């Protein structure tokens, strides 16, 4: 069986991608200042339900990364590609690293978070673009 | 509270058997466990069964009653899904049911059939243990996730690929005499370092193989063993479980696995034993770096000290604390949903003295550590030879 690839949005997550794509990316903040990413109803750190949106920092830096040589279905023909966790002023986001040669990526490298496309599927994907 | 004994253990020979169905694999492991236990099938009151990707791998949901049927058990059955810690969780559920007095004889274990799919399909199936929205869609593979952890570890604490190569060499050496192991060939450090990169900084020999297999253990209450003259020389004296945020990005440090710390603390407190009592350890080495993080999380090494343990000879078969005498996931194999039960089965054999590597065990207490995903779940058990 092949699953139908109907475009059903994921509430919260796709809204967040929309915002990141237009340079207005945000995170969720609870009254105690814990940061998290949507979709969420409850702060995972303290259980607070009063979450508000706060703007993501423009600039982040690579916390850790890997150069993937064996991909999964949607990424098979894109190897080698770089995946990094980058930190934006206390908020960490996982994304593909583009705009730099894989061998030149290093921890601490400055990036900005954007939304790109997975050429194999046309799906949107979080991209950390080298600054 | 009833005390829990391991009456019998059973494993299939781990390896590539793509044509063998999951039900046949589990039937074999459970038959071997019941035979080893010398307990009647009719006495079994529940099956606690672990499986991770069977809904993708065999398109089979609702597996637990199917596996009870395959094993010839006339009892209720429940499947536990906790990614690679599925069978560890199943054993823990079984232990709790005996301790609580609700059961006297139970079977726990698990099964995974993996090589009937292409490597790409299996890689994709394994990836669903990660966060679909924030990790999988961003291209994170299972090896990629552990590579993110490994780089973070190296940069924070030091160590490198050569240290990890020694972990692989050690576990392959341990697997050589193990009749159930998938890879029974010794390797050299150079073999590991020269292997192709999968997800930098991890290479092919840092990774466990894809494996078909099943595990089963028969657990009985101490009172049942005594009343029915069941030879059950190993007790489960401690059990613990820890949890963490699913995605690596949400952890305080990708180089640490606090779910393991929590599971170990609970298990040691539960057993009333200390780390000094432990003479052998089976840890969840799905990747070489995972063994390092496990040894530190379990408290055998301070953060940053575990990476050199194999290189220094401290965790080899003749070291002070032998780790993964079975060969580990790395060389014995990793049929994901069966692994936690396999670790308990192997530790039981090691402590009883009927494992090919039992001579390396100098003491009575062993520890098993089973982890799910990038250790968002961890299950620890302490076993002790009592007779």
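Looking at residue B:61, is it without any contact (Cβ under 8 Å) to a residue 12 or more places away in the chain and in contact with a helix residue (DSSP H, G or I) (Cβ under 7 Å, 6 or more places away or on another chain)? I'd like the intermediate steps shown before the answer.
On the way: without any contact (Cβ under 8 Å) to a residue 12 or more places away in the chain: yes; in contact with a helix residue (DSSP H, G or I) (Cβ under 7 Å, 6 or more places away or on another chain): yes.
Taking the combined requirement at face value, the residue satisfies it.
Just the residues that are at positive phi and either crowded, with 20+ Cβ neighbours inside 10 Å or at pLDDT below 95 (or both), please, taken from segment A:86-108.
A:89, A:90, A:99
So which of B:311, B:256, B:273 ends up being touching a residue at least 24 places away in the same chain (Cβ under 8 Å), in a loop (DSSP other than H, G, I, E, B) and under 19 Å from residue B:343 (Cβ atoms)?
B:273
Facing chain B (nearest Cβ under 9 Å), on the phi < 0 side of the Ramachandran plot and within 13 Å of the chain's Cα centre (by Cα): which single residue out of A:70, A:111, A:83 fits that description?
Answer to the check: A:83.
Do the conditions hold for residue A:50, that is, is it modelled with pLDDT under 95, surrounded by fewer than 16 Cβ atoms within 10 Å (Cβ to Cβ) and out of contact with any helix residue (DSSP H, G or I) (no Cβ under 8 Å at 6 or more places or on another chain)? I'd like the intermediate steps shown before the answer.
On the way: modelled with pLDDT under 95: no; surrounded by fewer than 16 Cβ atoms within 10 Å (Cβ to Cβ): yes; out of contact with any helix residue (DSSP H, G or I) (no Cβ under 8 Å at 6 or more places or on another chain): yes.
So residue A:50 does not fit the description; no.
Which residue is surrounded by the most Cβ atoms within 10 Å (Cβ to Cβ), if the candidates are limited to segment B:350-378 and must be part of a helix (DSSP H, G or I) and out of contact with any helix residue (DSSP H, G or I) (no Cβ under 7 Å at 6 or more places or on another chain)? Show your work before the answer.
Taking segment B:350-378 and keeping what is part of a helix (DSSP H, G or I), we get B:350-352, B:358-360.
Among the residues that remain, those that are also out of contact with any helix residue (DSSP H, G or I) (no Cβ under 7 Å at 6 or more places or on another chain) are: B:351-352, B:359-360.
Numbers: B:351: 25, B:352: 20, B:359: 12, B:360: 17.
Looking at residues that are part of a helix (DSSP H, G or I) and out of contact with any helix residue (DSSP H, G or I) (no Cβ under 7 Å at 6 or more places or on another chain), I get B:351.
I'd like to check something: does segment B:74-82 contain any residue that is touching a residue at least 12 places away in the same chain (Cβ under 8 Å), surrounded by fewer than 24 Cβ atoms within 10 Å (Cβ to Cβ) and over 26 Å from residue B:232 (Cβ atoms)?
Looking through segment B:74-82, at least one residue is touching a residue at least 12 places away in the same chain (Cβ under 8 Å), surrounded by fewer than 24 Cβ atoms within 10 Å (Cβ to Cβ) and over 26 Å from residue B:232 (Cβ atoms).
Out of all the residues in segment B:317-329, is one or more part of a strand (DSSP E or B) and touching a residue at least 24 places away in the same chain (Cβ under 8 Å)? Lay out the reasoning, then the answer.
From segment B:317-329, those part of a strand (DSSP E or B) are B:323; that's our starting set.
Within this subset, residues satisfying the condition of being touching a residue at least 24 places away in the same chain (Cβ under 8 Å) are B:323.
Yes, there is a match, as at least one residue in segment B:317-329 is part of a strand (DSSP E or B) and touching a residue at least 24 places away in the same chain (Cβ under 8 Å).
Consider residue A:24 carefully, then state whether it is more than 10 Å from chain B (Cβ to nearest Cβ), surrounded by 14 or more Cβ atoms within 10 Å (Cβ to Cβ) and either under 28 Å from residue B:120 (Cα atoms) or over 13 Å from the mean Cα position of the chain (by Cα) (or both). Walk me through how you get there before you give the answer.
Numbers: more than 10 Å from chain B (Cβ to nearest Cβ): yes; surrounded by 14 or more Cβ atoms within 10 Å (Cβ to Cβ): no; either under 28 Å from residue B:120 (Cα atoms) or over 13 Å from the mean Cα position of the chain (by Cα) (or both): yes.
Judged against the criteria, residue A:24 is not a match.
Just to verify a result, which residue in segment B:184-218, among those that are within 14 Å of another protein chain (Cβ to nearest Cβ) and in a strand (DSSP E or B), is surrounded by the fewest Cβ atoms within 10 Å (Cβ to Cβ)?
B:197
Residue by residue through segment B:96-141, note down the ones that are more than 9 Å from every other protein chain (Cβ to nearest Cβ), surrounded by 24 or more Cβ atoms within 10 Å (Cβ to Cβ) and in a helix (DSSP H, G or I).
Across segment B:96-141, the qualifying residue is only B:98.
The values are calculated or read from the model by the stated rules, or taken from the named source; none is laboratory data. Keep in mind that what you see is a predicted model, and the values were worked out from it rather than measured. Ideal geometry is used to build each Cβ from the backbone, glycine not excepted, and the neighbour counts take in all protein chains shown.
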